[in-house]
Amino acid sequence: MKGKKGKLIIFEGVEGCGKTTQMQLCCQWLQSLHLPTLMTRQPGGTELGLHLRSLLLNKTDNQPIADRTELLLYAADRCQHVEQLLKPNLLLGKLILSDRYIYSTIAYQGYGRGLDTSLIEQLNTIATQGLASDLTFWLDVDAEVGLNRKRGGGDKFDRIEQEKIDFHHRVQAGYTALAASDPQRIVRIDGSLTQQAVQEHIQAVLKNKLQAWGLITV
Ligand code: TMP
């Protein structure tokens, strides 16, 4: 992206992997270093995205969403997010932490739903206009462990969380394959460790990156 001064850092993983909490902790840490940081998410990082998020995640028994429709709705959310939020803030030099990005579509709609991955990649390119993440953390947690964590939290499961366990295993297999195919960009973090240990690992990786990007000196 021309004129990009900021960095895009993504947190990915299966349901209940802890990415949202870890992203929040990471944001606090970056702000304590006086780095201009903002947090966002897909789906739902814009006003339109919030509508799309509720269409995508609210359970509608009588009106099932076709797999390709689901794919297009996630792509629409991403397109709006890139245009309205990511690009302008990257031009301003912000560090953007995003809860999910393109890898979610490959893992969930590609591996989970079984949609053609080359079609997904084309749609991702259209939606992002080629805007790639600078770094992606994959919080690796067993799909069942993650779902049990969510269950323990007491929240009602949304439309995707309610999928059969096989679906979640396929999503997890997707992340495993993605991380193996792009180890430069996707950093695996053992998400089964304590919250503090996970955060320490993330900060250690990010500290090296911040130095390499010339954003901190120590
Ligand atoms: P979360 O923000 O709470 O993780 O919920 C988002 C849900 O949407 C989660 O179940 C993963 C799913 N999802 C996809 O299936 N494809 C996508 O491209 C994205 C961004 C999310």
Exercise. Taking a temperature of 37 °C and a viscosity of 0.692 mPa s, what whole-number D in µm²/s does Stokes-Einstein yield for region 7-212 with Rh from Kirkwood over alpha carbon pairs?
Worked result: 190 µm²/s
Seminar exercise, completed: Along region 76-86, Karplus-curve 3J(HN,Hα) (6.51, -1.76, 1.60; θ = phi - 60°) to the nearest Hz, with x for Gly and Pro, reads 5, 4, 5, 4, 5, 4, 5, 5, 7, 10, 5
For this session: Quickly estimate the mean residue ellipticity at 222 nm for the chain, helices only: each DSSP H run with n ≥ 4 gives -39500 (n - 2.57), and the total goes over all residues, rounded to 500.
Result: -15000 deg cm²/dmol
Seminar exercise, completed: Carbon plus sulfur, as percent of the 1.4 Å-probe accessible area of region 115-205, comes to 50 percent
Problem set entry | Residues of region 9-37 with amide N under 18 Å of a point placed 7 Å along Cα→Cβ from Arg151 | 14-18
Exercise. Gain in length, Glu144 to Asp182, computed as 0.36 nm per residue apart minus the alpha-carbon separation, to one decimal in nm?
Worked result: 11.2 nm
Problem set entry | Local electrostatic count at Leu72 - Lys and Arg +1, Asp and Glu -1, tallied over other residues with Cβ under 13 Å | 0
For this session: Identify the trypsin sites (Lys or Arg not before Pro) of region 1-46 meeting these criteria: DSSP loop state and at most 13 other C-beta atoms within 10 Å of the C-beta.
Result: Lys2, Lys5
Seminar exercise, completed: Charge tally for neighbours of Thr37 with beta carbon under 15 Å away, counting Lys, Arg as +1 and Asp, Glu as -1, is +4
Exercise. Excluding ligands, DNA and RNA, what is the solvent-accessible area per residue of region 1-129 at a probe of 1.4 Å, expressed in Å²?
Worked result: 46 Å²
Seminar exercise, completed: Rounded to the nearest 0.05, FRET efficiency between Ile160 and Ala132 (Cβ-Cβ, R0 25 Å) equals 0.55
Problem set entry | In nm, spacing of pseudo-spin labels at Asp116 and Ile216 (7 Å Cα→C-beta vector) | 4.5 nm
Exercise. When all protein chains stay in place, what accessible area (Å², nearest 10, 1.4 Å probe) is found for Asp158?
Worked result: 40 Å²
Exercise. Hey, rough spin-label estimate for Lys207 and Ala173, points 7 angstrom out along Cα→Cβ, what's it come to in nanometres?
Worked result: 3.9 nm
Problem set entry | Sparse-neighbourhood loop sites, trypsin sites (Lys or Arg not before Pro) in region 145-218 - DSSP loop, at most 16 other Cβ within 10 angstrom | Lys156, Arg159, Lys164, Arg185
For this session: Enter the Cα centre distance for the pair region 65-137 and region 141-179, rounded to the nearest angstrom.
Result: 19 Å
For this session: List the residues whose amide H sits under 5 Å from the amide H of Phe137, counting only those 5 or more places along or on another chain, with H placed 1.01 Å from N in the peptide plane.
Result: Ile10, Phe11, Glu12, Val187
Seminar exercise, completed: Output ordering of 103-112, 72-81 (per-residue mean of other Cβ within 10 Å, highest first) is 103-112, 72-81
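The values are calculated or read from the model by the stated rules, or taken from the named source; none is laboratory data. Small disclaimer: the values here were computed from a predicted structure and weren't measured. Note that we place each Cβ from the backbone using ideal geometry, even for glycine, and neighbour counts take in every protein chain shown. Heavy atoms of the whole protein, side chains included, go into the accessibility calculation; ligands, DNA and RNA do not. Shrake-Rupley method; radii C 1.70, N 1.55, O 1.52, S 1.80 Å.
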